[in-house]
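Please treat every number below as a calculation from the coordinates, not as lab data. Just so you know, these numbers come straight off a predicted model, no measurement behind them. Note that each Cβ is placed from the backbone with ideal geometry, even for glycine, and that neighbours are counted across all protein chains shown.
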Amino acid sequence: DAGITQSPRYKITETGRQVTLMCHQTWSHSYMFWYRQDLGHGLRLIYYSAAADITDKGEVPDGYVVSRSKTENFPLTLESATRSQTSVYFCASIQGGQETQYFGPGTRLLVL
Amino acid sequence: QKEVEQNSGPLSVPEGAIASLNCTYSDRGSQSFFWYRQYSGKSPELIMSIYSNGDKEDGRFTAQLNKASQYVSLLIRDSQPSDSATYLCAVNRDYGGSQGNLIFGKGTKLSVKP
């Protein structure tokens, strides 16, 4: 019962580099979400997806790109990382018709 | 701008006491309300959801909703040191639209002292 996993769990990168954070869920949940969590801001929605090939912007999408070619995967790419993108990133999923979000363990990203 | 407000705390209560956590929201049309618990260094986990005015009880937890006052609260009875965590209030952002599109408050840190 793997549930929802994220990789890597920790990542250090440099300004300007491209970084991809992976999210994988084994439940075949239709909806998936990416959040970032920062001190003083709480959890903020970056992007979400209602199904494969359907994605939409959340509250703070600038500087991020997502794709969802398969239901179980929802990668988040930082095209050119900036220091302000240093954060903890959480992926979450939800089954259609339900409202309980299940969160992955998080990825701690440091941009130097 | 839809907002969810919580007192950041820390809220400190003695073991066995009732902890009361509060949340207000700005959008009168909001219909779904959630409380998540987040231990330090861990991911949030859902502990309560509430959709109708009044109280909803689940074990030691009671969620209270007052839509007229745009107020949601969480009561934890017989607080235990293991309840020490940050509690996040969340409100559905897009009722009638995509599911699970939540706005989170910044969280209230609860500390239960033995």
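Key figures
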| read-out | value |
| --- | --- |
| Segment B:6-80: trypsin sites (Lys or Arg not before Pro) in DSSP coil with no more than 11 other Cβ atoms inside 10 Å | B:Arg28 |
| Estimated dipole of the protein assembly as shown in Debye, rounded to 20 [Cβ of Lys and Arg +1, of Asp and Glu -1, Cα centre] | 420 debye |
| Trypsin sites (Lys or Arg not before Pro) lying in DSSP loop within segment A:60-112, provided at most 16 other Cβ fall within 10 Å | A:Lys70 |
| Area projected by the alpha carbon convex hull of segment A:6-65, averaged over all directions, nm² | 5.1 nm² |
| Over chain A: Kirkwood hydrodynamic radius from C-alpha pairwise inverse distances, Å | 13.9 Å |
| 30 Å Cα-Cα reach of B:Lys113 towards lysines, excluding residues that sit fewer than 8 places from it in its own chain | B:Lys42, B:Lys56 |
| Selection from A:Tyr31, A:Tyr10, A:Pro61 lying farthest towards where the dipole of segment A:1-74 points positive, charges on Cβ | A:Tyr10 |
| Average partner coverage of B:39-46, which counts Cβ from other chains inside 10 Å | 5 |
| Separation between Cα centres of segment B:30-74 and segment A:81-107, rounded to whole Å | 19 Å |
| Value of relative contact order over segment B:40-114, rounded to a whole percent, pairs C-alpha under 8 Å and six or more apart | 22 percent |
| Over chain B: Rg over Rh, Cα atoms, Kirkwood Rh | 0.96 |
| Residues of type aspartates and glutamates that A:Lys57 reaches as a straight line, Cα spacing below 17 Å, ignoring anything fewer than 8 places off in the same chain | A:Glu79, B:Asp94 |
